[in-house]
Every structure is written in structure tokens, then in C-alpha cells.
């Protein structure tokens, strides 16, 4: 038994630290890059289905896009200039409702909004964008954050960047909900999961805007949503690109991680837990499409998984302030 525990823990550490690509439900493969303590997609998302297999509504012209509302419900995507041949280079443009998959209506922590992202990844919160910019600012050898993040090509007027960290920020701008695609070559914009707070005393602004990262031709990088600075850029009905960030699978303190083990893996009809002290939490198991197939409270040292088919799953164990996620193979 002791040998099994050591083997499984070693496997878990490998899963947490090793990743160069990620695949979405449509089969698209994306390069990833580790910047500081975060792992980011190094390409714009181009998926057309949510992780549960549901199709994202496709918009094919400006007139239809302009009918979208600034709310949680009008989820939609389109290709650049509504041309599907551009999908690989530009990625997709998503309304904010599509980017978050309407998940934030009931979400307490915006870090947990998976939205259109693959299993194990999520839409970055405002704080996570800020963490990226802070890290780059402290570690770049370039004159600006934006120059260090910008791609080495596609920017107008020789305003290409150095792509020092491999983020590869292309200037594919956005689909303005009133004027269509604009500013391509001069700016890049990506959604966050966080709605923009109330402006002044008028709550209507909280229902219109959301934060996003903007990198511009003039070598500035900011996280906006402000009425004066970026009125249309933050409109939820705008079409913006998406970069997913990997879940922090090692969140929680070292005592928790080092004293909670799950075995065996691969498993058959049961999985067992080894933990020191009292633990009160929940186990969730997801298939590769992101569908939750099992959810149980952990009140003993084992859980029956005999109802699950053979295959690869993601297992998540969590309580109020700690979380571990790992791959689970059922044979």
C-alpha cells in the first residue's frame, strides 16, 4: 500500500507541472506557455462548442450581431469578417455571455468560470490578467509590458513586439457591436470573466460592461471596462477573443497537498483516500467533455466508482478553501 501511495503522488506532480499543449472539445490543439505561476494559451480560442458538447450560436453578419444584448444570455461567436477560412489565424470572436457560458450568474468566485474553455482551464479573471501584467513588468527586459507580450508580426506600422514570454498577442482587435470589425492590426482585446462594477450611481452600467485586457499599437497594456476610457470595448455584446488560463490545480497549502492522497490510479470499482486529520469536502468526477458524472461527499476513506465506464476522467477534491485536481483512469 505504501508503494502505491508514493507512485500515485509522483504521477500527480507530473500532471500538475507538465503541459505544452491543450485540446478543446472540437479537437483544436493549442500551444501553451508558462509565465510566472500561470499557464496560458498562446493562441486565441477557436472552439465552437462548450465543453459539454452544446453548440455555441454562430452569427454570420453584422446585422445579426448588432441584435445581441449586453446581458448574460445572448451567447454567440463569429469568425473574422464572418469568414470561416480565417478561424485558424484569428480564432473566434465571442460575446461575453458566450465566453463565460452564462456561468457567472451563480458563481461566487470568478476564477472558477470555465466558460468556453477546455476542461481544466477557465476564463481569466481581472485579477489573473493583473497578475500576468505584474509579472511581465517585473521580469521583462523590454521597455514596456505590451512590447514584451505582442507577437513578432501582424501589427501595423512596424509596431510588432518581441514576444519575450511566448504569449504571442496578435492584434486581432474586436467586433464592435455597432460598427463591425475595426482596429485590426492596431490592438488586441481578450475577455475576462468579471463584470464591470457600477458606474456612479447608475446600476445600468453594471449590466452592460465587463473587464477585458487590451494591448494596443502604442505599447500600452491595460485592463478596462471604464465608461470614459473604453465605452464600446467593454460592452458585453462586443465580439472579443479569448485566452484561457489553466486552473491552479495546486491551490491550497502544502500541508493539505502533502497529506491527502488518492489511490489506486488506474482504478477499477473503488478509489481510496489517505489523509491526516479531519477532512470535510466533496469529490467531483468529470469526463473529457467537462460533464460531471459523479459527485459525492467524502465521509469515508473510499468511494464506489463502479457505475462509471472505462476511460479517462478528471477528479476534483475540494472543500471551502482548498482544491486538488488530478487525472483519473478507470480500467
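Could you list all residues from region 163-182 that are more than 23 Å from residue 141 (Cα to Cα) and either modelled with pLDDT of 90 or more or part of a strand (DSSP E or B) (or both)?
As a first pass, look at region 163-182 and keep what is more than 23 Å from residue 141 (Cα to Cα): 172-182.
Of everything in region 163-182, those that are more than 23 Å from residue 141 (Cα to Cα) and either modelled with pLDDT of 90 or more or part of a strand (DSSP E or B) (or both) turn out to be 172, 173, 174, 175, 176, 180, 181, 182.
I want to confirm something. Restricting to region 184-196 and keeping residues that are under 24 Å from residue 115 (Cβ atoms) and assigned to a loop (DSSP other than H, G, I, E, B), which single residue is modelled with the highest pLDDT?
Per the stated criteria, the residue is 184.
Counting residues that are at pLDDT 95 or above and within 20 Å of residue 173 (Cα to Cα), which strands (runs of 3 or more DSSP E) fully inside region 1-104 reach at least 2?
38-41
Restricting to region 20-29, count the residues that are in contact (Cβ under 8 Å) with a residue 24 or more places away in the chain and in contact with a strand residue (DSSP E or B) (Cβ under 6 Å, 6 or more places away or on another chain).
Within region 20-29, residues that are in contact (Cβ under 8 Å) with a residue 24 or more places away in the chain and in contact with a strand residue (DSSP E or B) (Cβ under 6 Å, 6 or more places away or on another chain) number 3.
I'd like the residue in region 49-71 that is out of contact with any strand residue (DSSP E or B) (no Cβ under 8 Å at 6 or more places or on another chain) and without any contact (Cβ under 8 Å) to a residue 60 or more places away in the chain and, out of all such residues, is surrounded by the most Cβ atoms within 10 Å (Cβ to Cβ).
My answer is 64.
Somewhere in region 150-162, is a residue outside any loop (DSSP other than H, G, I, E, B), in contact (Cβ under 8 Å) with a residue 60 or more places away in the chain and in contact with a helix residue (DSSP H, G or I) (Cβ under 9 Å, 6 or more places away or on another chain)?
Within region 150-162, not a single residue is outside any loop (DSSP other than H, G, I, E, B), in contact (Cβ under 8 Å) with a residue 60 or more places away in the chain and in contact with a helix residue (DSSP H, G or I) (Cβ under 9 Å, 6 or more places away or on another chain).
Run residue 126 past the list (1) closer than 30 Å to residue 313 by Cα; (2) out of contact with any helix residue (DSSP H, G or I) (no Cβ under 6 Å at 6 or more places or on another chain); (3) surrounded by 15 or more Cβ atoms within 10 Å (Cβ to Cβ); (4) at pLDDT 90 or above and report the number of the one that doesn't hold.
Residue 126 satisfies every listed condition except (4).
Could you tell me how many of the residues in region 144-155 are more than 12 Å from residue 218 (Cβ to Cβ) and more than 23 Å from the chain's Cα centre (by Cα)?
Qualifying residue count for the region: 3.
The values are calculated or read from the model by the stated rules, or taken from the named source; none is laboratory data. Since we're looking at a predicted model, the values are computed, not measured. Every residue, glycine as well, gets a Cβ built from its backbone with ideal geometry; the counts of neighbours run over all protein chains shown.
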